[in-house]
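The values are calculated or read from the model by the stated rules, or taken from the named source; none is laboratory data. These numbers were taken from a predicted model, which means no experiment stands behind them. Cβ: placed from backbone, ideal geometry, glycine included. Neighbour counts: every protein chain shown. Quick note on the areas: whole protein, heavy atoms, side chains included, nothing else; ligands and nucleic acids left out. Shrake-Rupley method; radii C 1.70, N 1.55, O 1.52, S 1.80 Å.
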Amino acid sequence: DAPVLLALAEEAIRAADAAGDPALRANVRFAAGLVRTAYQGLPEGIAAFREALDLARAAGDRPGELAILINLAHQVDSVDLREGWALLEQAQALLTDLALDEETLAFETDRLRMRMGVAAFDLGRYGQGLELLVETTDALRTAHRREEAAWAMAFLAQVYTAIGLYEAA
């Protein structure tokens, strides 16, 4: 129920603020951004993600910053494609700087490349979108990450349709 979830998100924000831990505050606002996007609207969700990003950066929580950037970029794409792309580029730069284990790095790389493929397609960069989505779809299928692979394949089908490759779609 939307009112209950929104009230819980607000309660969580108050509790995290009272605790004072910047990383916790960032994580709670990130979760609140998901709830607000779903039950209040895109502007409210984006605002929560922006707050979360500022807090994650202040806390030095770089993995948290990466997760927030990827999700913020996805939402901002609905409002401003160029800003969304710039946020994805920030995420990509951050990802190359993070010292992650091999499995986490592969997971985050695939997730980011899928979002970049969709964003490239949305910007009309069909070739770039096609390349990113083909690579990502193959990687996700190989890793047996079925849900993510299905999303990547759905977006890949849109690119194929846009460029007239209906059989491939």
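Just the protein heavy atoms count here, and of the accessible area of the chain at 1.4 Å, carbon and sulfur take up 55 percent.
As a rough guide to protection, the peptides 136-143, 37-44, 56-63 ranked by mean Cβ packing within 10 Å, highest first, stand as 136-143, 56-63, 37-44. Name the most mobile residue of 19, 152, 119, meaning the one with the largest mean-square fluctuation, in a Gaussian network model of the chain with Cα contacts below 10 Å. Of 19, 152, 119, the Gaussian network model singles out 19 as fluctuating most.
Taking 7 Å steps out from each Cα toward its Cβ at residue 135 and residue 99 produces label points 2.6 nm apart. Taking a ≥ b ≥ c as the square roots of the eigenvalues of the alpha carbon gyration tensor, segment 36-123 is oblate, as a/c is not under 1.5 and a/b does not beat b/c.
Along segment 86-100 the Karplus relation, 6.51 cos²θ - 1.76 cosθ + 1.60 evaluated at θ = phi - 60°, assigns HN-Hα couplings of 4, 5, 5, 5, 4, 4, 5, 5, 5, 4, 5, 8, 6, 8, 10 Hz to successive residues, with x for each Gly and Pro. Surface analysis of the chain yields an accessible area of 53 Å² per residue, using protein heavy atoms and a 1.4 Å probe. Once the Cα-Cα distance is subtracted from the 0.36 nm per residue extended length, the residue 15 to residue 58 segment shows a gain of 13.6 nm. Evaluating 6.51 cos²θ - 1.76 cosθ + 1.60 at θ = phi - 60° for every residue in segment 43-50, the Karplus couplings come out as x, 5, x, 4, 4, 5, 5, 5 Hz, glycine and proline recorded as x. Using the Cβ-Cβ distance between residue 125 and residue 146 with R0 set to 30 Å, the FRET efficiency works out to roughly 0.65.
Look at (i) 10, 30, 28, 18, 8, 4, 2, 0; (ii) 11, 33, 35, 18, 4, 0; (iii) 10, 32, 24, 11, 11, 9, 4, 1: the one that is P(r) over Cα pairs in 10 Å bins from 0, in percent derived from this structure is (ii).
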